[in-house]
Structures are given as structure tokens and as C-alpha cells.
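The values are calculated or read from the model by the stated rules, or taken from the named source; none is laboratory data. Predicted, not measured: the structure shown is a model, and the values here were computed from it. Using ideal geometry, Cβ is built from the backbone for each residue, glycine included, and neighbour counts are taken over all protein chains shown. Areas reflect the complete protein model, heavy atoms only, side chains present, ligands, DNA and RNA absent. Shrake-Rupley method; radii C 1.70, N 1.55, O 1.52, S 1.80 Å.
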Amino acid sequence: MQCSAPPPLTDDQISAALDGEADPDVRLHLAQCASCAARLAEAQRIERGLGASLHRWDCPAPQRLSDYHLGGMSGEEDRAFARHVTGCASCRQEIEDLRVFLQAEEPPPIAAAPPAPRQPWRGPLIGRLLPRALVPGLRGSGAGPLRAEAGDTTIFLDVRPSGAGVVVLHCQVEDEDLDRWTGALVELRQGGALRATAEIDDLGTFSCGPVPAARSDLRMVPLRGRMIVLEGLELSA
């Protein structure tokens, strides 16, 4: 096809029109000449093809952008990526997409377990001494052993002389759950001072002494459950 308004436009004039910088007379020529307009259309098609093939030809690979975003670079390489990202809208958008993706992938924070409710402090069980039963002929004294109760536990206490002003205390523990008393610590105190200790055996028995025949307190600490305290025991044979 020949130019219908010769002379035909030069390649530089077509290039200027392609860039949107053509003079008014060139635009008028293109409006009147189908041949030169076709040349401009072909140049536009070629430019679009080149643009598609060369799009982001100097941008780093997505993995490298990810390394940059996660701080996996240092020194000059990091600074070079920063300069590129500053001037490249496409890379900035890709980093923003990566940031949003990583936030979505983060697991939700684990809620802290509520603190366990504090168990109310339960003090010791204070044993109650029962009246001593009379047993004629028992060890020549005519009196039976002392008996005390604390909750579901019963304690029998037998005071035996062991010299002038000295006694030994022999005890028997009865409880439906006797296992919790096996190995339990026993303390005998007089006037606040520790006088003797013992350990309850698997039959529920223990002995303390010899100790002075005086007013005493007995503490029994089981493996489970509450401690039992017997206060004001008169240890006299």
C-alpha cells in the first residue's frame, strides 16, 4: 500500500507517534493516510510483544524477594535489593502479597491455660480424747489405754513406765484407709520442744520414747490427707 499523502512518514516520525510525541502535522498525516497509519499499528503491535516478553526482565526471582523480605541478606546485596524494590512497583506489590500470606499462615496464639483454682488450706484435724474405760486387771493398773478420734481415724494410746519419771508411748492407728498411714511421720513434743519421733508401720502401730512423763502433744503426718494433732496428752503411767 502506497502513501496516500506523500511523502510517507519517516521511521523517526512513526517512532515519535508511537511514543505519543508526534507533531500536529504528523498526526494529521496519519489521519489521512491509511498506509502510514498501518505502519504505526504494526509498530504498536511489535512494541506490545516486546513488552510482554521483556516484562520485569531485571526483577529478582520470587525466592530471592522472599529472602530479602525475611532478612536473609546482608551487606551490599541487601542494599541493592532495597534500591530495586524502592523503584519497582511490581516487586513492592509482590513483597506485600508475601507479607499478607505469611500473616495468614501464622498459627493463632495459644491461649494460656487458666490458672488452677487455689485449693483452700485445710488445717490439721484436732483429735478428741475419749474417756478412759476401766479394764480390771490390765497390767495391774485397772485402767485401759487412752482412745482418741479425729475424723474417721481412731488412735489407741498405751502409756507404759520405763523408769523413774519416764514413760514409753505405744500406739495403734485404726483407719479404713490404713495405707495412707504406713510410713507416716510421728512427732511427740513437750513444751514446744521435740522429744521423740517415730514412723507408723504397715500394721498401724508405733512407739515413742522413753520420754519424760509430762503433758505432751502428738502430731501424725500421713502420706495423704490431713495431719492429726492430739493436744494435752497427760503421759503418766
- Query: Using beta carbons and a limit of 6 Å, which pairs, at least six apart or on different chains, have the first residue in region 1-15 and part of a helix (DSSP H, G or I) and the second one surrounded by 11 or more Cβ atoms within 10 Å (Cβ to Cβ)?
  - Reply: 13/26; 14/39; 14/40; 14/43
- Task: Select from region 162-183 the residues that are of a type in the set (A, V, I, L, M) and over 49 Å from the mean Cα position of the chain (by Cα) and write down the one among them that is most open to solvent (accessible area, probe 1.4 Å).
- Result: 164
- Kindly indicate the residue of region 126-168 that is among the polar types (S, T, N, Q) and under 14 Å from residue 236 (Cβ atoms) and also modelled with the highest pLDDT among those meeting that condition. 162
- Message: Kindly evaluate residue 219 against the criterion of being surrounded by fewer than 17 Cβ atoms within 10 Å (Cβ to Cβ) and not in a helix (DSSP H, G or I).
- Response: no
- If only one of 186, 211, 159 is under 45 Å from the mean Cα position of the chain (by Cα) and part of a strand (DSSP E or B), which one is it? 186
- Note on the structure: Restricting region 222-237 to residues that are touching a Lys or Arg at 6+ places or on another chain (Cβ under 8 Å) and over 20 Å from residue 125 (Cβ atoms), the one least open to solvent (accessible area, probe 1.4 Å) turns out to be 235
